[in-house]
Amino acid sequence: RGNVRLTTDTVRAALLGLEGQNLLRVDLDSWRRKILASPWVQDVALRRVLPSTVDVTVTERTPAALGRIKGELMLVDASGFLIDRFGPQYAGLDLPIVDGLDVAAPKPGTQASHQGTGLAFRVLASLQRDARIAKRVSQVNVSDTHNAHVTLSGDPAVLYLGDAEFLKRIQTYLQLAQALRVHVPEIQYVDLRF
């Protein structure tokens with residue numbers, strides 16, 4: 001139970017050899033670790049159901065963004081854990097791109113460093129309080145861990161948000177954007193930290 005992206009066949013493959021073992025003596029922790037080896041699995045619970053069943057409940061990781069790391073797009077959860085390479089099977093996901101995550105090698109099962117990850121997902125979590133704005137976030141750049149840069153869909157200007165008050169700063173920009181463009185039609189960036 002609980003698996004959506006991870007197929008039941010994949011879970012069963014990790015449990016090959018469990019069937020036929022004595023239910024009371026089998027080491028469920030070792031089988032649990034085999035399932036946890038999948039980058040999609042955040043947690044898994046195995047419990048004995050007498051007389052002859054092992055109940056498996058999977059908690060999957062939830063992709064929160066696409067990390068652009070060394071030229072590759074990776075599905076990333078809110079903790080900065082790289083789940084999988086982005087491909088056609090994930091075309092239905094509408095996620096913002098996050099640049100600037102610090103990862104030695106972009107491969108599933110890798111954890112990004114805390115600093116950039118923390119800033120990126122604080123920005124995204126803050127913006128979730130206004131669904132209209134959250135839906136417009138196209139890209140977040142955390143290369144500078146003290147100054148998040150955000151790009152909104154339909155607006156080429158890069159917004160410098162600093163490391164706090166993200167939603168308030170974007171709301172201020174959106175209130176002023178039309179008036180700004182009257183005076184400066186081609187804005188490259190707006191520094192909202194001050």
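The values are calculated or read from the model by the stated rules, or taken from the named source; none is laboratory data. Quantities reported herein were computed from a predicted structural model and do not represent experimental measurements. Please note: Cβ atoms are built from the backbone with ideal geometry, for glycine as well, and neighbour counts cover all protein chains shown. Remember, those area values only see protein heavy atoms, side chains included, never the ligands or the DNA or RNA. Shrake-Rupley method; radii C 1.70, N 1.55, O 1.52, S 1.80 Å.
For THR62, state whether it is out of contact with any helix residue (DSSP H, G or I) (no Cβ under 6 Å at 6 or more places or on another chain), under 20 Å from THR151 (Cβ atoms) and among the hydroxyl-bearing types (Ser, Thr, Tyr).
Details: out of contact with any helix residue (DSSP H, G or I) (no Cβ under 6 Å at 6 or more places or on another chain): yes; under 20 Å from THR151 (Cβ atoms): no; among the hydroxyl-bearing types (Ser, Thr, Tyr): yes.
Against the criterion (out of contact with any helix residue (DSSP H, G or I) (no Cβ under 6 Å at 6 or more places or on another chain), under 20 Å from THR151 (Cβ atoms) and among the hydroxyl-bearing types (Ser, Thr, Tyr)), THR62 does not qualify.
Here's a check for you: in region 1-14, which residue that is free of Cβ contacts under 8 Å to residues at least 40 places away in the same chain and part of a helix (DSSP H, G or I) is most open to solvent (accessible area, probe 1.4 Å)? Before the answer, list the steps.
Initially, region 1-14 is screened for residues free of Cβ contacts under 8 Å to residues at least 40 places away in the same chain, giving 7-10, 12-14.
Applying the additional criterion that residues be part of a helix (DSSP H, G or I) yields 8-10, 12-14.
Values: THR8: 69, ASP9: 116, THR10: 69, ARG12: 157, ALA13: 59, ALA14: 27 Å².
Within region 1-14, the match that is most open to solvent (accessible area, probe 1.4 Å) is ARG12.
Take the residues of region 15-67 that are of a type in the set (Lys, Arg) and either modelled with pLDDT under 95 or surrounded by fewer than 19 Cβ atoms within 10 Å (Cβ to Cβ) (or both): which is farthest from the chain's Cα centre (by Cα)?
The extreme case among them is ARG25.
Would it be correct to say that ARG132 is assigned to a helix (DSSP H, G or I), open to solvent by 70 Å² or more (accessible area, probe 1.4 Å) and basic (Lys, Arg)?
yes
Of the residues ALA104, ALA65, ALA78, which single one is within 30 Å of ASP163 (Cβ to Cβ) and touching a residue at least 60 places away in the same chain (Cβ under 8 Å)? Give the derivation first.
On the way: ALA104 fails: touching a residue at least 60 places away in the same chain (Cβ under 8 Å); ALA78 fails: touching a residue at least 60 places away in the same chain (Cβ under 8 Å).
Only one candidate qualifies: ALA65.
Only one of these is open to solvent by 40 Å² or more (accessible area, probe 1.4 Å) and assigned to a strand (DSSP E or B): SER138, SER143. Name it.
Result of the check over SER138, SER143: SER138.
When region 155-194 is examined, which residues are found to be under 22 Å from the mean Cα position of the chain (by Cα), surrounded by 15 or more Cβ atoms within 10 Å (Cβ to Cβ) and under 15 Å from ALA134 (Cα atoms)?
Passing the criteria: LEU159, LEU161, PHE166, LEU167, ILE170.
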